[in-house]
Every structure is written in C-alpha cells, then in structure tokens.
Amino acid sequence: MKNDVGRTIDAVWRIESPRIVGALLRMTRDVALAEELAQEALLAALERWPEHGIPDNPSAWLVTTAKNRALDELRRRKMLARKHEEIGRELDERDAPDLETAIDEDVGDDVLRLVLIACHPVLSTEARVALTLRLVAGLTTEEIARAFLVAEPTVAQRITRAKRTLAEARVPFEVPRGAELAERLESVLEVVYLVFNEGYLATSGDDLMRPQLCEDALRLGRILAALVPNEPEVHGLVALMELSASRADARVDAKGDPVLLLEQDRARWSPLLIRRGLEALARAESLQRPLGPYTIQAAIAACHARARTARETDWARIVALYDALAQITGSPVVELNRAVAVGMAFGPEQALELVDALQEESVLRDYHLLYAVRADLLIKLGRAREARAELERAAFLAKNARDKAMLLDRASKLGD
C-alpha cells in the first residue's frame, strides 16, 4: 500500500510540479522560496497520504497545500515588514496581487514563466539544464546526477548557484512577448534538445541510451508546444524528438549494443511517435518559411520515417535539407552529416572528398564520428586497411563504452 501511495505521489508531482512552482514563483517572485514551498507541500503529502489515504483529487490537494503555505509565508513577511516600517510603498497593485486568487490565475503563463527563468541566458548551460530538470521536469537532485553521471553534490551546487545568480541578476518575472519571447525561447529549446540528446546518445558511461532523459525532454517539448502554439521552432523541435525517439527500440540489440540506422528493424519503430512527429512537423512547416534549424532536422528525420526500407530513403532530399541547414548553422558537424548523405545519394568518392576537407576543422579533430564516417566510406571503396586504422582511431576517441566496443569489433572484422 505504501509503495502504491509513493508511486501516486511521484506521478502527481511530475505532472503538477511545474504549475505549482510556477504559481508560487508569481506569488513570491523568488525562485528558491517558490521551490522550497512546493517541496513542503510534497513532504506534507508524503507524511499524510500513507496514513489518511490518497485524496480524491491528489493534484488539487497539492495545489491547495502549496497555496496555503505560500499565503502564510507572505503574510508573515508582510507582518515583519510592518514591524520594521518597511512596508513596500513603491509596490502598486500590479506587484501585490490578491493572494487568495493568485495561485489560480494564468496557469499557462506560470509554467511558461518558470521555463523561461530556469533557462535564462544569464545562467551557464549546465545550470540551465539542472534547474530545468529540477523545477520543470520535477526530477530530484539524485536523479539528475545519476542521469548525467555527475556527483550529486555537484548538481546541488549548480542548482543553488543558479538560484542565487537569478536573484542577483534581478531577472524580471514577466513573460516576454513577440520577438523578445522568440529570442528567449532559443535558450529554452537549446536546453530541451541538449537533455534529449544526452538521453538519445549518452556521451559517456556503459549504456548507449538513457531513456528517461528522452522522456523528460519530450514532456518538456510538449509542454512548450501547448504554451506557445504559434512558435514554429517549438513544434520543429518536438517533431525532431518524436521522430528520433520512434527509433529507440531498434537502436540497440538484445545485448544493448548499437544498431546502425540502415541496419535497424523498422518494424520496431514506433508508429505512434512517427505519427506525432509528422503532425508536429506539418504544424511547424505551416507556421514558418524559410524553415528553422530544428524544423529542417525534423524534415530530415521524416525522410527516414517515411521510408519503408533503408533503400527507399530519399537521400537526394536529405542532401538538399542538409544544404539548407549548413547555411543556417555553419556547423562542421552538419557538414559531416551532409557528407554521409552525399555518399548515400551520389557515391562514396564525392563523400570522401568532403570528409577529407573537414579534417582541417579543429572542432572535429577529436570527434570520433568523423573517423567512423571516413572508415565507412573507405570500406565501400575497398580500402579495408585504411578503414581499420580509422575505426581504431574512432574507438580511441569515443567516450561511450558501447560505441567504443562496436567500433573495435568492426575494426577486428576487417582483419589485418
């Protein structure tokens, strides 16, 4: 029974915590205090529900408890302010909302405000990721640390420092509109995509994927799409994540080893996630021309999703999409991916010329996939000895244990 109650509390908290913390943030205008009060409501549930049973409406119970604790704290602070004759004369009615109704208003803006603050550019990337997963995704410090293979005290320090930085920078709590909102969303999308990528292809450790991070990123993306339905790149990112996640079950074999895209069993791809991804892509494409970088990447993923077999993939279209993406980003990694598509569409000779040119890019010199791609092209050209050397170099640079093992295995199969 206690385990059932614990699972219920955890599930409700994951769903409701952004709304609760966001509303408390609007009331208190203090990130640290808002989270503290929300955590107090969670602790109250952990203490009361196992003994008295789960309320008929668990979400409402948590919201009401958090609201009451916030009201008590704000009243206490007002009383102290009066005693010291420092009551805020400069506060107008806009800054002193009706406390009895404040937590029930503008739920959408509350969550959006929380997301924008957690991902504020004044914070480092690591701090934005940690704070977003903590406040918006509802993860514990321990869960964040475990997901990213970082020491728990390190994550706790990042979160504490982030809250302090936001307070010292006096970050405004209003939700920006128009062009300013679109600009701020870039930081949010960067964080969500970073979380997804770490889940989809873990940069280190023994597992190729960390599915929970993918699920957390997808949930964050879907929340954003509901909050800002007219922002095309939000839908583009959701589409990209849905379509990429659709291949998750086919990306590893029974032993947990990687399975390359062209070798995957497409019957194991998720039709539901593909449908969701294509719908999100259509929405993004209907809202913007020219397309943004996330939408273009989603369009590339859609080419794979629509192909019933690897041979039916429209590689010429993928090359054209990478052309557009390269113009926007100027990224050598994008150019490397484009080279792969060129090899599939027009042959390995052209692709190898592009990859060889990219070896001069300093950002790619320690990027293991550069050498893995070059090895694939050399194999197709019948240059096995050179390919083996490239695979061994790629394995040396790879940080993920599964990737490293796969590359070494492929190298060994080429012989001497």
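Only one of the numbered conditions (1) part of a loop (DSSP other than H, G, I, E, B); (2) closer than 23 Å to Leu281 by Cβ; (3) in contact with a His (Cβ under 7 Å, 6 or more places away or on another chain) is violated by Ala225, and that is (1). Annotation note: Cβ proximity below 6 Å between a residue of the range 360-373 that is at negative phi and a residue that is in a loop (DSSP other than H, G, I, E, B) and buried (at least 17 other Cβ atoms within 10 Å of the Cβ) (sequence gap 6+ or interchain) occurs for His368/Ala398. Among the residues making up the range 335-359, none is within 24 Å of Glu186 (Cα to Cα) and modelled with pLDDT under 95. Please verify whether the range 82-96 includes one or more residues that are assigned to a helix (DSSP H, G or I), over 34 Å from the mean Cα position of the chain (by Cα), modelled with pLDDT of 70 or more and more than 25 Å from Gly138 (Cα to Cα). Checked the range 82-96: no residue is assigned to a helix (DSSP H, G or I), over 34 Å from the mean Cα position of the chain (by Cα), modelled with pLDDT of 70 or more and more than 25 Å from Gly138 (Cα to Cα). Check the range 119-127 and report whether any residue there is charged (D, E, K, R) and at pLDDT below 90. No: the range 119-127 contains no residue that is charged (D, E, K, R) and at pLDDT below 90.
Name the single residue, out of those in the range 196-252 being of a type in the set (Asp, Glu) and in contact with a Ser or Thr (Cβ under 8 Å, 6 or more places away or on another chain), that is surrounded by the most Cβ atoms within 10 Å (Cβ to Cβ). The residue in question is Glu233.
Taking the range 215-265 as the range and being among the small types (Gly, Ala, Ser) and more than 16 Å from Val136 (Cβ to Cβ) as the test, the residues that pass are Gly236, Ala239, Ser244, Ala245, Ser246, Ala248, Ala250, Ala254, Gly256. The set of residues in the range 396-416 being among the charged types (D, E, K, R), surrounded by fewer than 17 Cβ atoms within 10 Å (Cβ to Cβ) and over 17 Å from Tyr200 (Cα atoms) consists of Asp409, Lys413, Asp416. Taking the listed residues Asp376, Asp366, the one that is under 29 Å from Asp206 (Cα atoms) and outside any helix (DSSP H, G or I) is Asp366, with no other qualifying.
State all residues of the range 187-237 that are under 21 Å from Pro258 (Cα atoms) and of a type in the set (Lys, Arg); if no residue qualifies, say none. The one that is under 21 Å from Pro258 (Cα atoms) and of a type in the set (Lys, Arg): Arg210. The residues on offer are Ala316, Ala341, Ala284, Ala345, and the sole one that is part of a helix (DSSP H, G or I), in contact (Cβ under 8 Å) with a residue 12 or more places away in the chain and under 24 Å from the mean Cα position of the chain (by Cα) is Ala284. Only a single item in (1) out of contact with any helix residue (DSSP H, G or I) (no Cβ under 6 Å at 6 or more places or on another chain); (2) surrounded by fewer than 16 Cβ atoms within 10 Å (Cβ to Cβ); (3) of a type outside the set (A, V, I, L, M); (4) farther than 26 Å from Gln297 by Cβ is not met by Thr125, and it is number (4).
The values are calculated or read from the model by the stated rules, or taken from the named source; none is laboratory data. Being a predicted model, the structure only gives us computed values, none of them experimental. Cβ atoms come from the backbone with ideal geometry, glycine included; neighbour counts cover every protein chain shown.
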